[in-house]
Amino acid sequence: MSTAVQLEGITKRFPGGVLANDDVDLTVEHGTVHALLGENGAGKTTLMNVLYGLYEPTAGTVRLDGDAVSFETPQDAIQRGVGMIHQHFTLVRPMTVLENVALGWEPVKYGGLTIDEATIEEELRELSERYGFGISEHIHTPVEELSVGTQQRVEIVKTLYRGADVFIFDEPTAVLTPQESEELFGVFDELIDQGKTLIFITHKLNEALTVADRITVLRDGRTVETFDTEGATTQELARKMVGRDVLLRVEGRERDQGDPRLVVDSLSVRTNQGLPAVDGVDLTVRGGEIFGVAGVDGNGQTELVEAVTGLRDVESGTVAFDGTDVTGLSRRERMNRGLAYIPGERQEQALVMAFDLTQNAVLGSQHREEFRDGRQIDWERVRAHTAEIIDTYDVRPPDPTVLARSLSGGNQQKFVVGREFLRDPDIVVAAHPTRGVDVGSMEFIHEQLIEMSERGAAVLLVSASLDEVTSLADRIGVMYDGQFVDVVEPDAVTKTELGLLMAGQHPDEPDVCREER
Amino acid sequence: MRAEFETAAKWTVGLLGLVLALLVASALVAPDSVAGEVLDRMLDAGYASAVLRVSVPITFAALGGIFAEKTGIINIGIEGFLILSALSSVIAVVSLTGAGVDPTAALWLAFFVGIAVSVVTAGVFAVFVIRYQANQVIAGLAIWLIALGLAPFVSLVVFETVNSPSVGTFGTWRIPILAELPGVGPVLFDASPMVYLMLLAVPLCWYVLRYTRLGRYIRACGDNPRALDTAGISVSRTRYIGVLLSGVLCGIGGAGFTLGQLGRFVGAGETSIGGRGFLGIVAYLFGNYNPIASFGGALLFASFDALQFRLQEIAFLNVPQRLLQALPFIVVILVLMLVGRTRIPAALGEHYDEKE
Amino acid sequence: MRERIEWLFGVVLRFSAAERVLVSLSAVVFAIFVGGVVVLVAGYAASCESAALYILGAPVCYNPVEVYLVMLEGSFGDSFSLAATLQWTTLLLFTGLSFAIPYRAGLFNIGAQGQFILGSLATTVTLLWLADLAPSGLAGTLVLVPVGLFAGTLVGALYGLLPGYLKVRFEMNEVITTLLLSFIAADLAFVAVDRFFTTDDIQGTVTDRIPEEATFSPLVFPSSTDFSLPVFVFALVVVAGCYWLLMRTAVGYDIRAMGAQPKAAVFGGASQRFTTLFSMTAAGAVAGLGGAIYVMMILGRWQTGTPPLGFDGIAVSILAGNNPAGLLPSGLLFGALESGGRAIQLRLGVPSELIEVLRGIIILLVATPELFRLLGAHLNRRGIIDVDTGGSD
C-alpha cells in the first residue's frame, strides 16, 4: 500500500484569531476508508477544506501521492483527483441530474453552440451501472424531485464524473435513515473495489468503527491519535474524542406522571409546498413526562413541532394545552398559556442575531404585562431579566450588550434555554436542543429538560440523535412519512429495531422494499 | 423546465383568448355603435403593428432583467439603463448628423452608442453590487434615480430644453412577398428593424439559457452559486456577464424604442421611457423568467400601452390621455394579483463570497 | 438562506453606529466631488456667452466651486433661503419617515411619491369642499387645519395599505407595486383635477385656492416665505413619535425584529401580516400628512408637477441609516440641496436636475458600505477593521 494523502503539520488560523487546526498530521493509504472522528468544532471540516483547496493553510504541507501540492481553489484539487461531498449538497435544485453532474465540465458541439448531452448521458449511465447507483432512470429529473439519499448519490456521481480518486465525505449519514446509510456504505465498498480512497468525516463512533479501516481522532483542532479499527472500542474512542470519560446514557429515573397537558388529536399539516407532512397524528404528553420523537429528518417532525408551537396552520385536527383547544390561537397566545419552545434552527429562529442580548431576552415576551411600562416596553425590567438569564444559565461572555451573533453556539443555546425556561413553562417543546453544541452545554441542557419535567411540565423532545431520545424520553414515538409508526418505551427496544421503525418498517412485519420518498 | 413551458403555454392561450374575445365582441356589437367604432379602430393591422413596436422596450427590458436575475442579481436599475441609452442615442444622432454623417448611418451608429452607454452603466452597477456588495435593490433604485436626474440635466445642457428635438427613425423594412400575406403580412413583415431584432432576440435568449454552457452557468449561479463555484466556474464572472448582457439588452430596448418609434427623447416627468423598464420587470415575473413567456407578458402590456395612441385618435370618446398612460400599470397590478407568486432564483439578492 | 443571514449580520456587525455615520458623511463628500465633475463636464458641453473658467484653454460655462457656493448661499444665505431650505426639510422629514418605517420591517416603500400626491389632493379637495361650510377666522382654522391634515393622512394611509394588502394577500413584491402605484397616483390625480376640480382663474391643471384659514402663515420668517416654524416643530414631534414607536414599544420591537430576521420575529409571536400592513399604512399616513402640509403650508392649492419629494425621501432615509434619529440632519442636507438647486438654476443657469443626480449618487454610495470599508482598510495599512472571522468547522 502506498500513501494517497499526507497532511503534515497543518495549521489553520482564521482572520480574527480562531485557531481551527493546530499542527495536524494525517496519512491516508491508497484504497482505504479513513475516518476522521471528532466532536462538532474539533476542526475536521476545516482540515478537509484545506485538503480540498477551499482554505489555504496558515502553515503545513499537503502531499498527494508523495508530491507536495498547493491548491488555491477546489478546481486545483479536482484537477488532482480530490473530490468532496459536502453535508449541504452543492446541487442546483431545479436542474436535472445530467445538468448537475456535468456542470462546469460540459462537452460541447458545433463550436460551443450547444452542449453534447448524448456524450454526458452515455458516461453517466456507464458510471451509474459500474457502481450500482441506480440513477439511470432519473437522468432527466430535476434533483429537487429526488430523495435525499438519491441526491447524495448524484453528488457522488458528479465527483466521479470529474475524475476523483480521493473522496472526502463530510458527515454523509447525517441526513440518511439507517437503511440509506447502509446503502451508502455499500457504495463505499464499490468505490474501494475500484481503487478509490475515501476520507470520511463523522462524529458517530459506531459508524467510524463499522466502516473505516483506520480512524484519526481530532479534538480542539489537534490530532489526538490514529488507530487501526481492529481492536478499538467505543469507550476508548469516546474518551479520546471528548477528552474524559463520558456517560453515554443518562441514569434511568422514576417519576410520577400527572394529567395530560399536551394533547394532539388526529393532526394533519402540510408543508410550504402544500404536500402532506403530518398525517393524522395523535399524541398525549402528561405532566412530568418526556415524550421523544425519533425519526429521520424530513418525516414531518418539523411540521408537527411548528403546528404545536403555533408557527404553522393545521389542516385538520386539534392541539390542546391543559384541556383547552389552542388550535385557533396565535403563537403569542400559546406562549401566554405556558408554552416554551427551543427550536432546532437556533440561529435563524430563537435569536435575532443583530440584536443584543437585552433585546433578545424579551423576544416572545415583548407584549406581556410583566415587561410593560405604560405604552412602552419596560427596558429596565428587561435588563434585570437579561442579567438573571445570564447568571442562572452561565452565559458567556456575561455582557448584555453583546450581539447574539457573537456568542458561541453553546452559549447561544444556553441563553435560549434560559429565556424559555425562566418563563416557568407548563409545556416544553424542544427540537434538536443539543445540535451543534459542545459536550458541556449538552449535559447541562439535558439536565434542564429533566428538571422541567420533574417540575411537572410536559416535554416534547424531537431529536435526530437516537442516543438523546432513548436516554431522556419516557416514551418514544417514531415518525415516518408523517405518521407514528409506533410508540415504544426506550428500554423495550433495541437500536436496530428503532432504526427499522425509522425506515418505516415495523420489526414484526415482513420486509417491504422502501419506496422513494 | 416543464413548469416554464406550462407558463409559456398558459400565456399563449391567454393572449389568443384575449384577441379572440375582442374579435367576437367586434362581430357582435352593432357596427355603427360607439363600441363598434372603438373596436373597429382598434382591431386593425395598424394596432397590431403598434403593439409590436411598443413591446420592443418592454421585451428587451424583460430579457435584460432575466439575464441579471438568473445570475442572482436583482436589477431594479433596468429603467435607468433604458433612459440613459434612449437619451444618448438621440444625442448621438443629432451630433452625427450635425457632423455630416449620412442619416441612416447616423441612426445605426447612434443605436450602438445607446447600447454602449447602457453597457457602461450596467458595468458601474455590476461593480457596485458584485465587487462592493451594495444592497442590490437600493443600488438599482439609485441607478434609476441617477438616470432620472441625469437625463433631463444633460438634455438641458445639450439641447437647452428637457425634451430633445425630433430625429428620424429607422422606418420599416418591408420584406417582399411575405409582406403581401393577408393579415400577418403587414404586421410581421413590414415592421421596424427593431421589431425584427426583438423577434430574433426572444428565441435566441431562450436558446442561450436552455442549451448553452453560458446559460447553464447563469442558471446555476442564481440558484446555487456554491455549486457553480465548486465546479470551477467563477461566480462573480458569471454575474458580471449576466449584468453586462442585461446592459446590452436594455440598451437595445432604450435606443431601439427611441430610434425605432418615438424619434426623440422626452426628459420631463418620468421621461419618455415612462416606466417601460418596470413593465419589463413585471413581464418576466409573469413569464417565470422564461424569455418566450415573458415576451407574451410584454405583448399583453404593450397592447394596453398602444391603446394610448389609438384611443386618442377617437376624439368623441374623450378619454383623458393621462388615464390611458396609467392603464398599463393598472392592468399589470390586476394581472399580478391573478398570477400569484413567481418562483425566483434561490440565491437572488445574496452576495456570494468566493473565498469562503 | 443561512449564508445570507450571516452576511447581513456581518454588514450590521462590522459597522457600528459611528462607522455608519462616517459612511454617510463620506458618501456625501464623494457625491459632491462626483457632482463637481459632472458640472465641469456639463459646463464644457454647454454653450454660453461668457465662460466661467478655462481649463487647458477650453471654455467651461460652469465653475463647480462657484456652483456649490451659490448652492450654499441659496440654502442658508439669508432668512429667505433658510426658510426655503427648512420648508423642504419639513416635507422631507415626512417622506423620509415613509421609507424608514417599512424599511425597519424589511419592506421597501418606493411609493411615498404617490401617497404624497394623493394625500395632498385629498387635503385640497376636502378643504375646498369645506370652504363655504366652515366658519371664518380662528374658529375656521381650528376646524379646517385638523380636518385638512386628517384627510391627507387618511388617503395616504389607505394608499400605503393597498400595496401592504397586495403583499400579504397575493405575495406581490412591494418594490414593484409601490412604484407602479406611485405612477398611477400621479396620472389619476392629474385626471381628477383636470376633469373635476380645475379652476377657471389660471391656465393649467390647477385647483382653486384653499381657504386662507387652512393655511399656515410664516412665523418668525419673512411673510413672503412659505415656511411655518410651528409646522417644522410638528414634523420633529412626528419624527420623535416614530422613533419612540420603533425603538421603545412592543409593536416597534415586532417591526424591527421582522426587518432584521423574519423567522425569529415570528418565533417571538410577531405576525408578518400585521407588521406589513401596519408599517405600510403608517408609511402611507406620514407621506399623506406630508402632502397635506405641502398644500397647506406651501402651495395653497393643488397643481401638477409635484416635485419628487417622495423619491428624495428615500435618499433622506437611507442617508439617515433608516433611523428616525438621523432624519433631521439628513433632511436638512436634502432640503438645502433642494433650495440650493433652485438657486443655481436661477443665478447660474445650471439645471437644478443636478441635485437629483447628487441624490442618486448619495443613495448608491450609502448602499455600498463595503466600498468605504475597503477604502478604509486600504488607507490604513494596519487594517483597523476586523475582517470576517469565518467558520471553524
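The values are calculated or read from the model by the stated rules, or taken from the named source; none is laboratory data. Being a predicted model, the structure only gives us computed values, none of them experimental. Please note: Cβ atoms are built from the backbone with ideal geometry, for glycine as well, and neighbour counts cover all protein chains shown. SASA here: full protein model, heavy atoms, side chains in, ligands and nucleic acids out. Shrake-Rupley method; radii C 1.70, N 1.55, O 1.52, S 1.80 Å.
Answer yes or no: is there a residue in the stretch B:93-112 that is touching a strand residue (DSSP E or B) at 6+ places or on another chain (Cβ under 8 Å) and either among the charged types (D, E, K, R) or closer than 30 Å to residue B:182 by Cβ (or both).
no
Scan the stretch B:260-270 residue by residue and report those that are open to solvent by 10 Å² or more (accessible area, probe 1.4 Å), assigned to a loop (DSSP other than H, G, I, E, B) and more than 11 Å from chain C (Cβ to nearest Cβ).
Within the stretch B:260-270, just B:264 meets the criteria.
Among C:290, C:269, C:284, C:259, which is under 16 Å from residue C:90 (Cα atoms) and either within 14 Å of chain A (Cβ to nearest Cβ) or part of a helix (DSSP H, G or I) (or both)?
Step by step, each of C:290, C:269, C:284, C:259 is checked, and only C:290 is under 16 Å from residue C:90 (Cα atoms) and either within 14 Å of chain A (Cβ to nearest Cβ) or part of a helix (DSSP H, G or I) (or both).
Just the residues that are closer than 20 Å to residue A:470 by Cα and not in a loop (DSSP other than H, G, I, E, B), please, taken from the stretch A:278-303.
Listed by number, the residues that qualify are A:283, A:284, A:285, A:286, A:290, A:291, A:292, A:293, A:294, A:301, A:302.
Condition first: open to solvent by less than 30 Å² (accessible area, probe 1.4 Å) and not hydrophobic (A, V, I, L, M, F, W, C). Now tell me which residues in the stretch A:117-135 satisfy that.
Answer for the stretch A:117-135, where residues must be open to solvent by less than 30 Å² (accessible area, probe 1.4 Å) and not hydrophobic (A, V, I, L, M, F, W, C): A:128, A:131.
Look at residue A:102 and say whether it is surrounded by 16 or more Cβ atoms within 10 Å (Cβ to Cβ), more than 8 Å from chain B (Cβ to nearest Cβ) and not basic (Lys, Arg).
Taking the combined requirement at face value, the residue satisfies it.
Return the residues of the stretch C:304-321 that are at the interface with chain B (Cβ under 10 Å from one of its Cβ atoms) and not hydrophobic (A, V, I, L, M, F, W, C); say none if nothing qualifies. Talk me through it step by step, then tell me what you get.
Pass one, the stretch C:304-321, residues at the interface with chain B (Cβ under 10 Å from one of its Cβ atoms): C:304-305, C:308, C:311-312, C:314-315, C:318.
Selection gives C:304, C:305, C:308, C:312.
Only one of these is under 27 Å from the mean Cα position of the chain (by Cα), open to solvent by 40 Å² or more (accessible area, probe 1.4 Å) and over 16 Å from residue A:219 (Cα atoms): A:87, A:6. Name it.
A:87
Looking at the stretch C:158-202, which of its residues are closer than 18 Å to residue C:308 by Cα, among the aromatic types (Phe, Trp, Tyr) and within 10 Å of another protein chain (Cβ to nearest Cβ)?
C:183, C:190 - these are the residues of the stretch C:158-202 that are closer than 18 Å to residue C:308 by Cα, among the aromatic types (Phe, Trp, Tyr) and within 10 Å of another protein chain (Cβ to nearest Cβ).
Could you list all residues from the stretch A:330-360 that are under 25 Å from residue A:302 (Cα atoms), away from chain C (no Cβ under 11 Å) and either free of Cβ contacts under 8 Å to residues at least 60 places away in the same chain or small (Gly, Ala, Ser) (or both)?
Correct list: A:338, A:340, A:344.
For the list (1) under 23 Å from the mean Cα position of the chain (by Cα); (2) away from chain C (no Cβ under 14 Å), I need the number of the one condition that residue A:70 fails.
So the condition that residue A:70 fails would be (1).
Being open to solvent by less than 10 Å² (accessible area, probe 1.4 Å), of a type outside the set (Phe, Trp, Tyr) and closer than 25 Å to residue C:255 by Cα is the filter; apply it to the stretch C:108-127 and report the residue that is farthest from the other protein chains (Cβ to nearest Cβ).
Only one residue fits best here, namely C:119.
Taking strands (runs of 3 or more DSSP E) that fall entirely within the stretch A:376-490, which contain at least 1 residues that are closer than 27 Å to residue A:39 by Cα, under 25 Å from the mean Cα position of the chain (by Cα) and in contact (Cβ under 8 Å) with a residue 60 or more places away in the chain?
Details: elements: A:427-431, A:458-462, A:475-480, A:483-488.
In the stretch A:376-490, A:427-431, A:458-462, A:475-480 are the strands (runs of 3 or more DSSP E) which contain 1 or more residues that are closer than 27 Å to residue A:39 by Cα, under 25 Å from the mean Cα position of the chain (by Cα) and in contact (Cβ under 8 Å) with a residue 60 or more places away in the chain.
From B:149, B:114, which residue is crowded, with 16+ Cβ neighbours inside 10 Å, within 9 Å of chain C (Cβ to nearest Cβ) and not hydrophobic (A, V, I, L, M, F, W, C)?
B:149
Considering every residue within the stretch A:208-229, establish whether at least one is open to solvent by 30 Å² or more (accessible area, probe 1.4 Å) and at pLDDT below 80.
Residues of the stretch A:208-229 that are open to solvent by 30 Å² or more (accessible area, probe 1.4 Å), as a first pass: A:209-210, A:213-214, A:219-220, A:222-226, A:228.
With at pLDDT below 80 added as a condition, the list becomes none.
No, there is no match, as no residue in the stretch A:208-229 is open to solvent by 30 Å² or more (accessible area, probe 1.4 Å) and at pLDDT below 80.
If a residue has to be of a type outside the set (Val, Ile, Thr) and open to solvent by 30 Å² or more (accessible area, probe 1.4 Å) to count, how many in the stretch A:230-244 make the cut?
We begin by selecting, within the stretch A:230-244, every residue of a type outside the set (Val, Ile, Thr); these are A:230-232, A:235-241, A:243-244.
Applying the additional criterion that residues be open to solvent by 30 Å² or more (accessible area, probe 1.4 Å) yields A:230-231, A:235-236, A:239-240, A:243-244.
Selection size over the stretch A:230-244: 8.
Within the stretch A:302-345, can you find the residues that are polar (S, T, N, Q) and open to solvent by less than 10 Å² (accessible area, probe 1.4 Å)? Spell out how you get there, then give the answer.
The initial filter retains those residues of the stretch A:302-345 that are polar (S, T, N, Q), namely A:302, A:309, A:316, A:318, A:324, A:327, A:330, A:336.
The one that is polar (S, T, N, Q) and open to solvent by less than 10 Å² (accessible area, probe 1.4 Å): A:309.
Picking from B:137, B:101, B:157, B:94, which residue would you name as being in contact (Cβ under 8 Å) with a residue 40 or more places away in the chain and either over 25 Å from residue C:109 (Cβ atoms) or more than 8 Å from chain C (Cβ to nearest Cβ) (or both)?
B:94 is the lone residue from the list that is in contact (Cβ under 8 Å) with a residue 40 or more places away in the chain and either over 25 Å from residue C:109 (Cβ atoms) or more than 8 Å from chain C (Cβ to nearest Cβ) (or both).
Got a number for residues in the stretch A:19-57 being surrounded by 15 or more Cβ atoms within 10 Å (Cβ to Cβ) and not in a strand (DSSP E or B)?
Residues that pass the stated criteria total 22.
Do any residues in the stretch A:140-151 that are part of a loop (DSSP other than H, G, I, E, B) have Cβ atoms under 6 Å from those of residues that are among the charged types (D, E, K, R), where the two are at least six apart or on different chains, and which pairs are they?
Taking only residues 6 or more apart or on different chains, the pairs are A:147/A:516; A:147/A:517.
Considering only the stretch B:171-237, give the helices (runs of 4 or more DSSP H) lying wholly within it that have at least 1 residues that are at pLDDT below 85 and away from chain A (no Cβ under 13 Å).
So the answer is B:184-188.
If I filter the stretch A:346-359 for residues that are open to solvent by less than 50 Å² (accessible area, probe 1.4 Å) and touching an Asp or Glu at 6+ places or on another chain (Cβ under 7 Å), do I get at least one hit?
no
Give the stretch A:63-77 a look and list any residue that's open to solvent by less than 10 Å² (accessible area, probe 1.4 Å) and in contact (Cβ under 8 Å) with a residue 40 or more places away in the chain, or say none.
Passing the criteria: only A:64.
Looking at (1) in contact with a helix residue (DSSP H, G or I) (Cβ under 8 Å, 6 or more places away or on another chain); (2) aromatic (Phe, Trp, Tyr); (3) surrounded by fewer than 24 Cβ atoms within 10 Å (Cβ to Cβ), find the lone condition where residue B:278 falls short.
Residue B:278 satisfies all of (1) in contact with a helix residue (DSSP H, G or I) (Cβ under 8 Å, 6 or more places away or on another chain); (2) aromatic (Phe, Trp, Tyr); (3) surrounded by fewer than 24 Cβ atoms within 10 Å (Cβ to Cβ) except (3).
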